[in-house]
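One structure is given below, represented as structure tokens, and several questions about it will come after.
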Amino acid sequence: MTDTTGDIERELERVLPEAGTEHQPDIGEPFAADYWYGELSLHVHDTLADTHHDGAATAAAGVECLRAYIRLRGQLLVQLHDDVAHSFTADPTHTLLASDQLYAAAYAALARSGGPVSLFDAVTCTSQCITGALSTHYTDPETASSPESLVDDTMGALGEAAATIGAILADVTDDQHESVRLLGRGLGALEFIRRTDDLEPQDRHVVFPNIDEPRLDTYADNRRVDVLDALDDLDDTVDVYDLRALVPE
């Protein structure tokens, strides 16, 4: 599978503002050490596209801006919610400003990609879904959805957006689009679970506060079935070998 990290890094340099000052936070800090979700977008595009879209890497950078935005918004909600233990010490005002800049950078990247307006719809719907789920989880826990639904509506939704953006630039059919949507949501959720496996038990409890191991395993198995079904559907029209490599064991 082609290494796409360098392409995404170069595009991020083009869309992100200058490094922070005393009155402007450094918005490069919330980016993850890898670009997994942006790379998912590129892998979907490369698998499904008859002709490579020159803006695919730029749009993938937009996915990573959205990912960093979500990370900061989640940290801000935790920091402002007194009942949740945390170690965040950043100025909430700076965090809010940085998240707004990242959101704007995500849209700027999509605009630079030269893709259709439906790219913006994907990002808008995803950001609304995720921020709504996080807000309910931290501010109104009595009405919050299950831990499984929280993963679906956050990192699962981000995976869906990443895959959808790649599919839009690949100009897929309607049937392929639905399979891609399920593929991205499932892969996004599974990747999040895989990462929590590396956490210490007490930290993992913060991520999944009310879910036991058998229940989490069942949830992961269900998402894996969704992913494999989506890949089987796509396999009727394209070679999905590279995408299958993304499915965790």
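The values are calculated or read from the model by the stated rules, or taken from the named source; none is laboratory data. None of the values given here were measured: they were computed from a predicted structure. Every residue, glycine as well, gets a Cβ built from its backbone with ideal geometry; the counts of neighbours run over all protein chains shown.
Out of everything in the range 112-142 that is touching a residue at least 24 places away in the same chain (Cβ under 8 Å) and part of a loop (DSSP other than H, G, I, E, B), what residue ends up being nearest to Leu169 (Cα to Cα)?
Gly115
Got a sec? Which of Ala162, Ala167, Ala230 is in contact with a Phe, Trp or Tyr (Cβ under 7 Å, 6 or more places away or on another chain), within 21 Å of Leu42 (Cβ to Cβ) and modelled with pLDDT of 95 or more?
Unique residue meeting the criteria: Ala162.
Looking at Asp198, Asp153, Asp174 in this structure, which one is closer than 19 Å to Val225 by Cα and modelled with pLDDT under 95?
Going through Asp198, Asp153, Asp174 in turn, the sole match is Asp153.
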